[in-house]
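Report on one structure; see the data block that follows.
The values are calculated or read from the model by the stated rules, or taken from the named source; none is laboratory data. The shown structure was predicted, so the numbers you read here are calculated from the model rather than taken from an experiment. Backbone-built Cβ (ideal geometry, glycine too); neighbour counts: all protein chains shown.
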Amino acid sequence: MAIRPNAAVFRIGGTAAFGLGRSGIVHGFFIWPEWLIELRVRFHKEGSTKMFETSTKAARHQCAGIDVGKAHLDVALAGVARVARFGNTAEGHAGLIGFLRQHGVSRVGLEATGGYEAAPAAALRAQGVSVHVFQPVQVRAYAAFKLQHAKTDRIDARLIACCTAELDALKPPPDPRLAGLCALLTLIEQMGEDIIRAKTRAEHAADPQIRAYHATDIKRLRAAVRDAYRRLSAEVEAHADLKARLALIESIDGIGVRTALALLIRMPELGALSREQAAALAGLAPVARESGAFKGERHVHGGRRRARTALFACAQAAIKWNAALGAFYTTLVKAGKHHRAAITACARKLIVFANTVLKRQTPWLSQLTT
């Protein structure tokens, strides 16, 4: 390195350096990182609030976002930096509703938070407020789009408010009767998982007393599952419309009462969707992976996991009882498809069948599909 003797000394970022002219540096001159001039800008500790501004004044005053926690609800209005906090209790919900009415809010977005969002969402819907529950991945994707890296409860509330303002239309509110049915069905599925775990423990237990303990536990769980299914069926049959929908789904060859209950409760949108939408909602639609000359293998992704699990288990038996499905499976296997891929395709067929019978309001007719 060569530096001209008459170069003036100046200071960069608090570090002494040399003022060098265009010809004062030879090839290979190294600059230390601390010599670089940095822009000194004051940032708010929670990030910029400009990204939370919306394009329409109407949406700004009519939409709100709520970041849900176990103990608190942080509420932000679209386009407004201020964030209010209420308790996630009955008293807090009443205060929240009053706050939203005061600001003329008619549309609210919440982020799914392990079930803690259910109570405030129900309270808001009971007061006629339109509510949309976002998946966490949707909010984080919006934050990434806005280059928002900081994450706090207040920032999340503002992000959810902006997401809500961007919605073109809200989905109709879910049937309130299905909430209790869904909770009971989840309990049944969890007890089934407990039975599988108990079987595994019993298989590896060397002590006879431990194996007997697991056998007793399995017997108890099986009896509890049977009782819960009887209660679930009785509650469904108490409603004429749900009973009719259940009968239509059960009419499909290969679908038993347990799978029919899972589809009825976990996928209430069936009958109002296209075949592609029904498959995507269950997470059984192959997702394209293509870019330029690259053609990747398609895999199913997303959707409602518990409904998909029920369909996948059902499909493995349905290929023996449903002639159309059995022929479809045989064709796929002969074409070189792996068993798992063929069963996944059959599960997709089952959800399409269920969507079709509910849309047409006519039971399954085997002779028309053979």
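Residues in segment 271-301 that are under 12 Å from Ala354 (Cβ atoms) and either at pLDDT 95 or above or part of a helix (DSSP H, G or I) (or both): 4 in all.
Here is a yes/no grid of residues against (1) farther than 24 Å from Cys182 by Cβ; (2) loosely packed, with under 14 Cβ neighbours inside 10 Å; (3) of a type in the set (A, V, I, L, M):
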site	(1), (2), (3)
Pro286	yes, no, no
Glu290	yes, yes, no
Glu297	yes, yes, no
Val300	no, no, yes
Gly303	no, no, no
Ala313	no, no, yes
Asn322	yes, no, no
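Only a single item in (1) charged (D, E, K, R); (2) over 22 Å from Gly180 (Cα atoms); (3) loosely packed, with under 15 Cβ neighbours inside 10 Å is not met by Arg140, and it is number (3). The single condition among (1) of a type outside the set (A, V, I, L, M); (2) closer than 16 Å to Thr344 by Cα; (3) surrounded by 21 or more Cβ atoms within 10 Å (Cβ to Cβ) that Arg245 does not meet is (2).
Quick check: is even one residue across segment 307-319 among the polar types (S, T, N, Q), part of a helix (DSSP H, G or I) and more than 18 Å from the chain's Cα centre (by Cα)? There is at least one residue in segment 307-319 that is among the polar types (S, T, N, Q), part of a helix (DSSP H, G or I) and more than 18 Å from the chain's Cα centre (by Cα).
Is it the case, given these coordinates, that Glu290 is without any contact (Cβ under 8 Å) to a residue 40 or more places away in the chain, within 24 Å of Arg360 (Cβ to Cβ) and either in contact with a strand residue (DSSP E or B) (Cβ under 6 Å, 6 or more places away or on another chain) or in the same structural domain as Lys359 (by TED's automatic domain parsing) (or both)? No; evaluated as a whole, the condition is false for this residue.
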